[in-house]
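Student: Have a look at this one before I ask anything.
The values are calculated or read from the model by the stated rules, or taken from the named source; none is laboratory data. As the structure is a prediction and not an experimental result, all values here were calculated from the model. Heads up, the Cβs are rebuilt from the backbone with ideal geometry, glycines too, and the neighbour counts pull from every protein chain shown.
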Amino acid sequence: MFEPTPYRSTPVFDETSLPKALQAAHCIKAGSWGVLEVLSGRIHYVVEESQVTHLMSAGDWQLIQPEELHYVTLIGPMQMQVHFYREKPNIKPKMSED
């Protein structure tokens, strides 16, 4: 996992259990950071303001900044999880080529 240790992680979501709220623009509260981890399959991660879209595949992760509006879109079968931190985790994004 990433350093420091997350204070909370979501359940593992798949294409049938992914909450609609995560598929619409939302943000992480001020003072918290997130790491979106794709465990299987593929998704699109979209930054709302810029509409920059990243194709993410199994093994990829994305740092989510506090208060940055974002959402995910489904491509097909997948599993993903989000981990939450009180300080910025020491990672670099790992994503497939767009």
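Residue-wise test of (1) closer than 16 Å to Tyr7 by Cβ; (2) modelled with pLDDT under 95; (3) surrounded by 14 or more Cβ atoms within 10 Å (Cβ to Cβ).
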position	(1), (2), (3)
Ala24	no, no, no
Gly41	no, no, yes
His44	no, no, yes
Gln51	no, yes, no
Ser57	no, no, yes
Glu67	no, no, no
Pro77	no, no, no
Val82	yes, no, yes
Asn90	yes, yes, no
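Student: Could you check segment 11-39 and list, in sequence order, the residues that are closer than 16 Å to His83 by Cα and of a type in the set (S, T, N, Q)?
Tutor: Within segment 11-39, the first condition is being closer than 16 Å to His83 by Cα, and the residues that meet it are 11-14, 18-19, 22, 26-39.
Scanning segment 11-39 gives a single hit, Ser32.
Student: Follow-up. Quick one: is Gly41 in a strand (DSSP E or B), over 13 Å from the mean Cα position of the chain (by Cα) and not polar (S, T, N, Q)? Don't jump to the end; show me each part of the working.
Tutor: Values: in a strand (DSSP E or B): yes; over 13 Å from the mean Cα position of the chain (by Cα): yes; not polar (S, T, N, Q): yes.
So Gly41 passes the test.
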